[in-house]
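A short worksheet on the structure shown next.
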């Protein structure tokens, strides 16, 4: 999914940041509900950092429960989540390969990491989309790097720049706990792609 492609930050901040999507399309909609529910069981068994859907009002970080999401999949065609562990996403893909569900699976992260994981478990990626970064003559008008690290975790632009700036300031002044700041920002993205495990390094705490 290209809306998760442009996550910003230095390489060391992106090494443990893996987005995941599973979805059905027009050719395999029939009977996809039970398959998606089984995929969700696999994902939850590896404890993703966050999960959700653009068709829901809030993600896991905002209070969505696994039970609510499972029920939602009775009438939905997609799952989104994020992991902060290479081993966890590797085990997820191993289990999905064994399950052979016939649905589209998209994993995002540092390209060499994704390719290496695929090779380790005998998968051949079908397609690769690569972000080319930020270009143009007015990059000085962009927010600070740490703000971009936060806002680009939501590819739909639901995490506002000014909110990210305020939370960063409050946390660094000691007026807000880092965990509270991470939750406030993550719950703005209903897809559940904001990786709250990245916030300690972004906040510098």
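Here are some notes:
- Residues of the range 195-205 satisfying the condition of being out of contact with any strand residue (DSSP E or B) (no Cβ under 6 Å at 6 or more places or on another chain) and either surrounded by fewer than 21 Cβ atoms within 10 Å (Cβ to Cβ) or touching a residue at least 60 places away in the same chain (Cβ under 8 Å) (or both): 196, 197, 198, 200, 201, 202, 203, 204, 205
- Residue under evaluation residue 101, criteria (1) surrounded by fewer than 18 Cβ atoms within 10 Å (Cβ to Cβ); (2) part of a loop (DSSP other than H, G, I, E, B), criterion not met: (1)
- Residues within the range 146-160 that are surrounded by fewer than 21 Cβ atoms within 10 Å (Cβ to Cβ) and within 14 Å of residue 134 (Cα to Cα), tallied: 2
- Number of positions in the range 128-146 that are in a helix (DSSP H, G or I) and touching a helix residue (DSSP H, G or I) at 6+ places or on another chain (Cβ under 8 Å): 1
- In the set 22, 55, only one residue is surrounded by fewer than 15 Cβ atoms within 10 Å (Cβ to Cβ) and not assigned by TED's automatic domain parsing to the domain that holds residue 183; that residue is 55.
- Given (1) surrounded by fewer than 17 Cβ atoms within 10 Å (Cβ to Cβ); (2) within 30 Å of residue 180 (Cβ to Cβ), number of the condition residue 92 does not satisfy: (1)
- Subset of the range 104-120 (residues that are over 24 Å from residue 186 (Cβ atoms) and surrounded by 14 or more Cβ atoms within 10 Å (Cβ to Cβ)): 104, 115, 117, 118
- Selection count, the range 18-49, where residues are touching a helix residue (DSSP H, G or I) at 6+ places or on another chain (Cβ under 6 Å) and touching a residue at least 60 places away in the same chain (Cβ under 8 Å): 5
- Looking across the range 97-132, just one residue is without any contact (Cβ under 8 Å) to a residue 12 or more places away in the chain and under 13 Å from residue 22 (Cα atoms), and that is 100.
- Filter pass, residue 62 being over 21 Å from residue 86 (Cα atoms) and in contact (Cβ under 8 Å) with a residue 40 or more places away in the chain: yes
- Selection count, the range 147-191, where residues are touching a helix residue (DSSP H, G or I) at 6+ places or on another chain (Cβ under 7 Å), closer than 16 Å to residue 205 by Cβ and not in a helix (DSSP H, G or I): 1
The values are calculated or read from the model by the stated rules, or taken from the named source; none is laboratory data. Every value quoted in this text rests on a predicted model; they were computed, and no experiment measured them. Note that each Cβ is placed from the backbone with ideal geometry, even for glycine, and that neighbours are counted across all protein chains shown.
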